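Below: the structure, in structure tokens.
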Amino acid sequence: MKKRFLYSHLTWPEIRDLDKENIVVIQPFAAIEDHGPHLPVETDNLLINEICRATAEKIPDHVILMPIIPYGYVEHHMDFPGPISISAHNLIGYLSDALISLTRHGFKRILVANGHGSNRPFMDVAARIVMEKSEAIVATLTPYSLIKKEIKEICESQFISHAEEMETSLVLYLDKSLVDESKAVKEIDFPISKFHWRSLVEAPPLGFMDRWSRISKTGVVGDATLATREKGEKLFQLIVERMVELIHDFRTREIRPKVDLH
Ligand SMILES: [Zn+2]
């Protein structure tokens, strides 16, 4: 059924007539990559799409939801079968071209909602490029960062990184049929130091992305055996609640005219 908040459902006159000053365009962006022996390769896409969709359902008049950009930067996962990797420059160019198209149609507030940790630097650069070339404000967000404190309270394991307790719980909540719980494992076998660890929510001071096959045999980093549907439901509802708040803030933010002071 037609949804007014789905960009792909609108006609061109409907897009023309949108109140673009007062709408936040959400661009979901994630990846196809291995997620352990128990989760599908579309995990990151599924999670960010559902988070964005549930958010849009709550505030349908204030957002426009774009179709997901399903491929991201997953070069460090290419030793596993399954990932589809887009190289850094292509990814920045592709994402920024898509967003620039939106600004050419008059949209002023764009939010890239990211579901895959390693997309971060590339989407930040893309957002900056779009801001240089347009009047729009372009923000980026990995929604898990909205509930850092709550993740620590709800999840029992220390490392929330990849295909672990949090991601598995979220997929269990969204579509249990996609999870093979009998194959869920705990694997925390990367060299941990005071300055470097792996976390989707809290970046270590010493940042680098190791090749995944050096730090995991199963593709899991964390403890997937602790995942439950109940944890997933709590995490999901909290993320959506915060997303609604964040979008209100972004949508009502004053955009001042730029001034040439030469
Ligand atoms: Zn993931």
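Of the conditions (1) open to solvent by 10 Å² or more (accessible area, probe 1.4 Å); (2) at pLDDT 95 or above; (3) within 16 Å of the ligand (Cβ to nearest atom); (4) touching a strand residue (DSSP E or B) at 6+ places or on another chain (Cβ under 9 Å), N114 clears all except one; give me its number.
In the conditions (1) open to solvent by 10 Å² or more (accessible area, probe 1.4 Å); (2) at pLDDT 95 or above; (3) within 16 Å of the ligand (Cβ to nearest atom); (4) touching a strand residue (DSSP E or B) at 6+ places or on another chain (Cβ under 9 Å), N114 misses (1) alone.
Out of all the residues in the range 94-111, which are among the basic types (K, R), in contact with an Asp or Glu (Cβ under 9 Å, 6 or more places away or on another chain) and surrounded by fewer than 20 Cβ atoms within 10 Å (Cβ to Cβ)?
K108
Just to check your reading of the model, which residue among I51, I69 is crowded, with 21+ Cβ neighbours inside 10 Å, within 15 Å of the ligand (Cβ to nearest atom) and under 30 Å from V221 (Cα atoms)?
Matching residue, one of I51, I69: I51.
Looking at (1) more than 16 Å from the ligand (Cβ to nearest atom); (2) buried (at least 20 other Cβ atoms within 10 Å of the Cβ), which is the only condition V125 fails?
Of the numbered conditions (1) more than 16 Å from the ligand (Cβ to nearest atom); (2) buried (at least 20 other Cβ atoms within 10 Å of the Cβ), the odd one out for V125 is (2).
Which of the residues belonging to the range 176-206 are within 15 Å of the ligand (Cβ to nearest atom) and within 21 Å of the chain's Cα centre (by Cα)?
Selection gives L178, V179, R198, S199, L200, V201.
If I ask for residues that are open to solvent by 20 Å² or more (accessible area, probe 1.4 Å) and either away from the ligand (no atom under 16 Å from the Cβ) or small (G, A, S) (or both), which ones from the range 18-32 would you list? Steps first, answer last, please.
Applying the first criterion (open to solvent by 20 Å² or more (accessible area, probe 1.4 Å)) to the range 18-32 yields 18-22, 32.
Of everything in the range 18-32, those that are open to solvent by 20 Å² or more (accessible area, probe 1.4 Å) and either away from the ligand (no atom under 16 Å from the Cβ) or small (G, A, S) (or both) turn out to be L18, D19, K20, E21, N22.
Exactly one condition in (1) open to solvent by less than 30 Å² (accessible area, probe 1.4 Å); (2) of a type in the set (A, V, I, L, M, F, W, C); (3) under 28 Å from L99 (Cβ atoms); (4) modelled with pLDDT of 95 or more is false for M131; which is it?
The one condition M131 does not meet is (1).
Restricting attention to the range 90-116, which residues are closer than 23 Å to S145 by Cα and in contact with a Ser or Thr (Cβ under 6 Å, 6 or more places away or on another chain)?
If the condition is that a residue be closer than 23 Å to S145 by Cα and in contact with a Ser or Thr (Cβ under 6 Å, 6 or more places away or on another chain), then V112, N114 are the ones that fit.
Can you tell which of H105, H35, H62 is within 16 Å of the ligand (Cβ to nearest atom) and in contact (Cβ under 8 Å) with a residue 60 or more places away in the chain?
H35
For Y7, indicate whether it is in contact (Cβ under 8 Å) with a residue 60 or more places away in the chain, more than 20 Å from E245 (Cα to Cα), of a type in the set (F, W, Y) and away from the ligand (no atom under 15 Å from the Cβ). Quick ask: steps written out before the conclusion?
On the way: in contact (Cβ under 8 Å) with a residue 60 or more places away in the chain: yes; more than 20 Å from E245 (Cα to Cα): yes; of a type in the set (F, W, Y): yes; away from the ligand (no atom under 15 Å from the Cβ): yes.
Answer is yes for this residue.
Which one of these is in contact with a His (Cβ under 6 Å, 6 or more places away or on another chain), β-branched (V, I, T) and touching a residue at least 40 places away in the same chain (Cβ under 8 Å): T55, T43?
Sole residue among the options that is in contact with a His (Cβ under 6 Å, 6 or more places away or on another chain), β-branched (V, I, T) and touching a residue at least 40 places away in the same chain (Cβ under 8 Å): T43.
Where the second residue is at pLDDT 95 or above and in a helix (DSSP H, G or I) and the first is within 12 Å of T225 (Cβ to Cβ) and of a type in the set (S, T, Y) and lies in the range 165-190, which pairs have Cβ atoms under 6 Å and are six or more apart or on separate chains?
Final answer for the pair search is T168/A224; S169/K231; S169/G232.
I'd like to check which helices (runs of 4 or more DSSP H) are fully inside the range 145-232 and have at least 2 residues that are exposed (fewer than 13 other Cβ atoms within 10 Å of the Cβ).
Result: 148-154.
Take I15 and tell me if it is modelled with pLDDT of 95 or more and either within 16 Å of the ligand (Cβ to nearest atom) or open to solvent by 40 Å² or more (accessible area, probe 1.4 Å) (or both).
no
Do we find a residue being more than 16 Å from the ligand (Cβ to nearest atom), hydrophobic (A, V, I, L, M, F, W, C), touching a Lys or Arg at 6+ places or on another chain (Cβ under 9 Å) and touching a residue at least 60 places away in the same chain (Cβ under 8 Å) anywhere in the range 152-164?
Here is the first cut: in the range 152-164, the ones more than 16 Å from the ligand (Cβ to nearest atom) are 152-154, 156, 158.
Next cut, hydrophobic (A, V, I, L, M, F, W, C) only: 154.
After this cut, where a residue has to be touching a Lys or Arg at 6+ places or on another chain (Cβ under 9 Å) as well, the list is 154.
From what is left, the residues that are touching a residue at least 60 places away in the same chain (Cβ under 8 Å) are 154.
Scanning the range 152-164, I find at least one residue that is more than 16 Å from the ligand (Cβ to nearest atom), hydrophobic (A, V, I, L, M, F, W, C), touching a Lys or Arg at 6+ places or on another chain (Cβ under 9 Å) and touching a residue at least 60 places away in the same chain (Cβ under 8 Å), so the answer is yes.
The values are calculated or read from the model by the stated rules, or taken from the named source; none is laboratory data. None of the values given here were measured: they were computed from a predicted structure. Cβ sites come from the backbone with ideal geometry, for glycine too, and all protein chains shown count toward neighbours. Side chains are part of the model used for accessible areas, which takes the heavy atoms of the whole protein and leaves out ligands, DNA and RNA. Shrake-Rupley method; radii C 1.70, N 1.55, O 1.52, S 1.80 Å.
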